[in-house]
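Reading through the structure tokens given below for one structure.
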């Protein structure tokens, strides 16, 4: 600890609060916005990715157990669950449903079936190929608006996904308030500026705007995943020349931390630069000097 420069160091924290996951072709459904509800208005970050196709091949009943058979990358995987007493599996008008002998039809939702698949077979991989944002004036534009006329998405769609895969999008809501990590080190080289550094940190904590937060989160994801279709921020972030980071440097923050962590993540996000995993904590050091690297540092 004595090798570190300041007794007070700050990292600005930004994290994903919620998400929507949907096939890329679904964004052209005019009713989608209404179906997703008001939460879509807060999703300003989007990820375009490639995921394995999950094709339902059929359903069957084995005693009191309902079994769905899926084909995934040439393999047949089954998902099972209990059938309520008195119900049987029926097939009519190209639909599978459970019936108790009345005219009513019952069936698990696509989301429930997908969640059961994740529990029984694990999360599918999501290759991040593009990260973007939509904000507009005062947050009036959201990710779904942007994607409907997105040239890069159209380009990726024209190139096509590999055999057995499809395009998927994640729409992400970034938490509407900031958080700050503060490190206190009584053994630092300089103990004379602690009070002023604490004040600067609080100024940044409460002074970072929503648009700045969205842009910093987007840039962190791009720098981290290095998506093949992104250009900006892949090699230029962080930099003292970037306007969005100027206040972080003015208030002498040492790091930026961006998180994509959920108790029930939708996929294992990965790229050529990042291995598949359910949670991602991205630390961006704003200074190259070793004596300024204190957050999640090994030494």
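Read-outs throughout are calculated quantities, based only on the coordinates presented, and are distinct from any laboratory measurement. Computed from a prediction, not measured in an experiment: that's the story for all the values here. Don't worry about glycine lacking a Cβ; one is built from the backbone with ideal geometry, like all the others, and counts go over all protein chains shown.
Quick notes on this one:
- Using alpha-carbon coordinates, inclination of helix 210-225 to the longest axis of the chain, degrees: 80 degrees
- Gaussian network model of the chain, Cα within-10 Å springs - most flexible of 58, 13, 49: 58
- From most to least packed by mean Cβ count within 10 Å, the peptides 24-32, 245-253, 283-291 give 245-253, 283-291, 24-32.
- For the chain, built as a Gaussian network whose Cα springs stay under 10 Å, the top-fluctuating residue of 227, 265, 108: 108
- P(r) histogram, all alpha-carbon pairs of segment 55-121 included - 5 Å bins from 0, percent: 4, 16, 28, 26, 17, 7, 2, 1
- Enclosed volume per residue, in Å³, of the convex hull spanned by Cα atoms of segment 1-100: 282 Å³
- Helix 194-207 vs. the chain, principal-axis angle (Cα, 0 to 90°, nearest 10): 40 degrees
- Centroid-to-centroid separation of segment 172-193 and segment 92-155 [C-alpha atoms, Å]: 37 Å
- Long-range Cα-Cα pairs in the chain (distance over 26 Å), rounded percent: 55 percent
- Modelled spin labels at residue 157 and residue 120, positioned 7 Å past Cα toward Cβ, are 3.2 nm from each other.
- Mean residue ellipticity (222 nm) of the chain, computed from DSSP H runs ≥ 4 via -39,500 (n - 2.57), nearest 500: -6500 deg cm²/dmol
- Of 125, 38, 230, the one that fluctuates the most in a GNM where the chain has Cα springs shorter than 10 Å: 38
- Relative contact order, whole percent, for the chain stands at 31, derived from Cα pairs under 8 Å and 6 or more residues apart.
- The angle between the Cα long axis of helix 110-121 and the main principal axis of the chain comes to about 80°, on a 0 to 90 degree scale.
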